[in-house]
1. Compute the whole-percent fraction of alpha carbon pairs in the stretch 1-137 spaced more than 28 Å apart.
2. Out of the stretch 210-258, which trypsin sites (Lys or Arg not before Pro) are coil in DSSP terms and have no more than 14 other C-beta atoms within 10 Å?
3. In nm², what is the average projected area of the convex hull enclosing the Cα atoms of the stretch 320-380?
4. Could you tell me the ratio Rg/Rh of the chain? Both radii from Cα atoms, Rh via Kirkwood.
5. Would you grab the residues whose amide H sits under 5 Å from the one on residue 162? Only those 5+ places off in sequence or on another chain, please, with H modelled 1.01 Å from N.
6. What's log10 of I(q)/I(0) for the stretch 224-284 at q = 0.12 Å⁻¹, Debye sum over Cα points only, no solvent?
7. Listed highest first by mean packing, meaning other Cβ atoms within 10 Å per residue, what order do 185-198, 332-345 come in?
8. Hey, if you drop one equal point scatterer on each alpha-carbon of the stretch 281-362 and run the Debye formula without solvent, what base-10 log of I(q)/I(0) do you get at q = 0.23 Å⁻¹?
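Every number in this text was worked out from the coordinates using simple rules, so none of it is lab data. It should be emphasised that the depicted structure is a prediction, and the values quoted were computed from it without experimental measurement. Backbone-built Cβ (ideal geometry, glycine too); neighbour counts: all protein chains shown.
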Amino acid sequence: MFLGPVTPEAYHAFLASPAGRALGPGFLQCPSWADVKDGWRAQLLGWGTDPGSKALSGVALVLLRQFPGTRKYFAYLPEGPVADWADPDVDAWLTPLLDHLRGAGAFAVRMGPSPAYRRWDASALKQVTGPGRRLGDVLASEVDPLGTAVAERLRARGWRRCGGDGSTDDGDAQPRHVFRIPLSGRTTEDLWSGLNQEWRRNIRRARKEGVEVVVGSAAELPEFYRLLGITERRDGFRLGRSLAYYERQYAALNAEEPGRMKLYLARHRGEILAAHTMITVGGRVWYQTGASADHRREVRPSNALQWRMLSDAHAIGADVYDMRGVPSTVDPAERAYGLLRWKLGTGGQVVETLGEWERPLGGTANQTLYRAFQAYLNRR
């Protein structure tokens, strides 16, 4: 299997092809994501049967972060590579990747394989909450055999799962537990009936109160960012991103493909009360970031936004609507559980992905740098 640099055009064409779409690429593996990540070098790589062939079988966006004071790099493939993880001969494409990264000066690599590991249906999780309980304490509705096999193959090749057994929410840069609503083969009526009574009541309330949901533009990003700051203070989290980050993201993703990133707004009496971002790649749609005001929450703008976004994802033929990260706690007394409870009301599934996996790239010097890099990250 040949691996080498590819142009953004060839990379994008593969993602849009039936073969690429079947691999379920995420937005963090789009070429445009390299323009979003400030402070990283980027490489676009592709696998093929020979150097002269234009037919690709997989692609990878690699982000490279230089270790201070050296000419060595930490290589990161967020939620990637986009490859056939069902291939039992994983070495046929993984070994060329590691050889390339070693030659590019990388001392270690982290990646996020795409297969799911376990799933919990919303209906099952609502019945098993309790003090101190976490997702790992609850019998999964489904254990994915492919995810299990990939985990075993990676461990056998010296890879380490960054977040351990997933009993905490630390260790992975991207969320290991996400919430997904399957859309394939379902009607709008199916999606509506999948919502719990509270969600349906809140959406009806928003309609009655005259909440208007529209698709905004880059001009409303400052208002989205202002509301995000309010949300962070209210809910006790900190994303640590600037307005320039979201403006860069919006510009880069939509330059690559118009409409790839959208900003949805919920207005009431002429005022924007909530704003959510949505990203589309192939057959997948993500609700990425949500923000809302502290006042007039009784008119339920966020529920109205989500129903519109879910309906729009269904209308364009998406296979899944991904609401991104959820905490691993199922203890109602924990503050973080509120986010999980809100998403459970849509009737989807909590999906535990394989998470992120890491390994040094051989040799005493790289091993030493890897340990030093881990210590550096722990001090930040």
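1. On the way: 2634 of 9316 pairs.
Percent of Cα pairs beyond 28 Å in the stretch 1-137: 28.
2. Passing both the DSSP loop test and the Cβ count: 238, 241.
3. 6.7 nm²
4. Details: Rg = 21.2 Å, Rh = 22.0 Å.
Answer for the chain: 0.96.
5. Those qualifying (amide H under 5 Å, at least 5 residues apart or on another chain) are 356, 357, 358.
6. Scattering profile of the stretch 224-284, log10 relative to I(0): -0.36.
7. Put in order of decreasing packing, that is 332-345, 185-198.
8. Taking Cα atoms of the stretch 281-362 as identical point scatterers yields -1.27.
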